[in-house]
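Chemist: Here it is: the structure, laid out below.
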Amino acid sequence: MARRNGTKVLAIVLAGGEGKRLMPLTADRAKPAVPFGGIYRLIDFALSNIVNSGYRQVVVLTQYKSHSLDRHISKTWRMSTMLGNYVAPIPAQQRVGKSWYLGSADAIYQSLNTIKDEKPDIVVVVGADHVYRMDFSQMVEQHVETQAGVTVSAIRQPIGLADQFGVIEVDPADPKRIKEFKEKPTDAVGLPDAPHEVFASMGNYVFDADVLVDAVTSDHSLEGSKHDMGGDIVPSFVRRERGYVYDFKNNDVDGSTDRDRGYWRDVGTLDSYYEAHMDLVSVHPVFNLYNYEWPIYTHYGFFPPAKFVHGSHGRFGEALNSAVSPGVVISGARVTGSVIGPAVKIHSYTEVADSVILDGVEIGRGCQVRRAIIDKGVTLAEGTTIGFDVERDRARGFTITESGLTVVGKEAVVGP
């Protein structure tokens, strides 16, 4: 295995998430395989961060409806085997019994052969379904310096939102040491240097390899454990005063701007998934996809450039404040404040506003779409209206979120 600063590092991506709160987008795919930002999948952000950090030996632990995820990884994430580099998807294998993964810690336990085969010094463990940029090598450096048992990355959040996160409380005398780890507390204590803020766990961890092996092995036989990294493994280190926090605010990524530095979004719900897309299309994007010094890698097929046609007789093919992917044809239609995936066709006299349209959707003439997420392969017949009448949308079987967002499931055929 290649060395970085004299240390051998293996990255493990936890990508077995079912993503129930993202239904119907996860009805036919794992959460990390959900498309995002037009041409990407959610897992591309974690993998790009790992590779850009200089770590090129990566295993991806998959489980739930993983076919499209495995296919995306095998088609996209190919690196030089001559140099020992790889991204390897590993499905649940029942290596230690007849059960599938019982939790994130159990997923690592059932895949310990990957660590034993590579013999790394350090293991970086990351989730696969967040949108952000991060240089993990800086977190690893802190981990080595502090001689921590586990280092947990954390982002500062307003204390009023503490009940939405796993919250890390630190020792005032040693602000890098974790004093307590609480799950969605209502009595959170603010940070010593910012009483109005708390540390929210980002779900990324760094371990010495032998320490991780011992931890998940002990947890495997521990009665009452849920075999979860955040719920069981991290608290066990905190009780022994070996848990440390890495402040995401200190992470310096090449090419970042004052506006998008420190951006991190958990897109675990339909509303948060939608809001993260809206972050992309503002005039000065909150999350900048155009940072070529820290690129987000992907593969979106062999599509031609996007095309905008018709400019007379009341038909204007245009897209404003929007992100439009390759292969899209906007024919005499108007798109505003939206993210359009590859190979979408939008026909004349149609208006799409403030929406997320995934790959291969066809929207017929004279349609009206507002504040909607439309999954892959959907066909909207001429004159269809979505997002204007909540009760009618619900009656047609669409999902309606708390904020009133309309979500149309994969490959649906929708009439007016």
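Chemist: Name the residues in the range 60-85 that are in contact with a strand residue (DSSP E or B) (Cβ under 9 Å, 6 or more places away or on another chain) and part of a helix (DSSP H, G or I), would you?
Modeler: Hits for the range 60-85 are Ser68, Leu69, Asp70, His72, Ile73, Ser74, Thr76.
Chemist: Taking only the range 314-327 into account, find how many residues are in contact (Cβ under 8 Å) with a residue 24 or more places away in the chain, in a strand (DSSP E or B) and out of contact with any Gly (no Cβ under 7 Å at 6 or more places or on another chain).
Modeler: 1
Chemist: Within the range 219-231, count every residue that is open to solvent by 20 Å² or more (accessible area, probe 1.4 Å), touching a helix residue (DSSP H, G or I) at 6+ places or on another chain (Cβ under 6 Å) and acidic (Asp, Glu).
Modeler: 1
Chemist: Right, another one. Please go through the range 377-400 and pick out each residue that is in a loop (DSSP other than H, G, I, E, B), closer than 24 Å to Val281 by Cα, open to solvent by 10 Å² or more (accessible area, probe 1.4 Å) and in contact with a strand residue (DSSP E or B) (Cβ under 7 Å, 6 or more places away or on another chain).
Modeler: If the condition is that a residue be in a loop (DSSP other than H, G, I, E, B), closer than 24 Å to Val281 by Cα, open to solvent by 10 Å² or more (accessible area, probe 1.4 Å) and in contact with a strand residue (DSSP E or B) (Cβ under 7 Å, 6 or more places away or on another chain), then Gly387, Phe388 are the ones that fit.
Chemist: Moving on to the next point. Looking at the range 333-343, can you tell me whether even one residue there is open to solvent by 10 Å² or more (accessible area, probe 1.4 Å) and more than 28 Å from the chain's Cα centre (by Cα)?
Modeler: For the range 333-343, residues open to solvent by 10 Å² or more (accessible area, probe 1.4 Å) and more than 28 Å from the chain's Cα centre (by Cα): present.
Chemist: Under the condition of being in contact with a Leu (Cβ under 8 Å, 6 or more places away or on another chain) and open to solvent by 20 Å² or more (accessible area, probe 1.4 Å), which residue from the range 106-129 is nearest to Gly230 (Cα to Cα)?
Modeler: Only one residue fits best here, namely Asp129.
Chemist: Would it be correct to say that Arg95 is of a type outside the set (A, V, I, L, M), closer than 29 Å to Thr269 by Cβ and either open to solvent by 60 Å² or more (accessible area, probe 1.4 Å) or at pLDDT 90 or above (or both)?
Modeler: When the stated conditions are applied, Arg95 does not pass them.
Chemist: Could you please find all residues in the range 58-116 being more than 20 Å from Ile43 (Cβ to Cβ), hydroxyl-bearing (Ser, Thr, Tyr) and free of Cβ contacts under 8 Å to residues at least 40 places away in the same chain?
Modeler: Hits for the range 58-116 are Ser80, Thr81, Ser99.
Chemist: Could you say which residue among Val167, Val206 is touching a His at 6+ places or on another chain (Cβ under 6 Å), surrounded by 22 or more Cβ atoms within 10 Å (Cβ to Cβ) and under 24 Å from Leu14 (Cβ atoms)?
Modeler: Val206
Chemist: If the requirement is being open to solvent by 40 Å² or more (accessible area, probe 1.4 Å), of a type outside the set (Val, Ile, Thr) and at positive phi, which of these qualifies: His284, His313, His299, His347?
Modeler: One residue alone meets the criteria, His313.
Chemist: Among residues belonging to the range 159-174 that are part of a strand (DSSP E or B) and without any contact (Cβ under 8 Å) to a residue 40 or more places away in the chain, point out the one that is nearest to Tyr263 (Cα to Cα).
Modeler: Residue satisfying both the conditions and the ranking: Val167.
Chemist: Regarding Ala27, is this residue open to solvent by less than 30 Å² (accessible area, probe 1.4 Å), of a type in the set (Gly, Ala, Ser) and either within 30 Å of Thr401 (Cβ to Cβ) or in a helix (DSSP H, G or I) (or both)?
Modeler: No.
Chemist: State whether the residues of the range 274-283 include one that is among the small types (Gly, Ala, Ser), touching a strand residue (DSSP E or B) at 6+ places or on another chain (Cβ under 6 Å) and within 30 Å of Phe199 (Cα to Cα).
Modeler: Yes: one or more hits.
Chemist: Can I ask one more? Give the residue that is farthest from Lys376 (Cα to Cα), with candidates limited to residues of the range 12-24 that are at pLDDT below 95 and open to solvent by less than 10 Å² (accessible area, probe 1.4 Å).
Modeler: Only one residue tops the list, namely Ala15.
The values are calculated or read from the model by the stated rules, or taken from the named source; none is laboratory data. Note that the structure is predicted; figures quoted are calculated from it, not measured. Don't worry about glycine lacking a Cβ; one is built from the backbone with ideal geometry, like all the others, and counts go over all protein chains shown. Ligands, DNA and RNA are stripped out before the accessible areas are found, and what is left, the full protein with its side chains, is counted by its heavy atoms. Shrake-Rupley method; radii C 1.70, N 1.55, O 1.52, S 1.80 Å.
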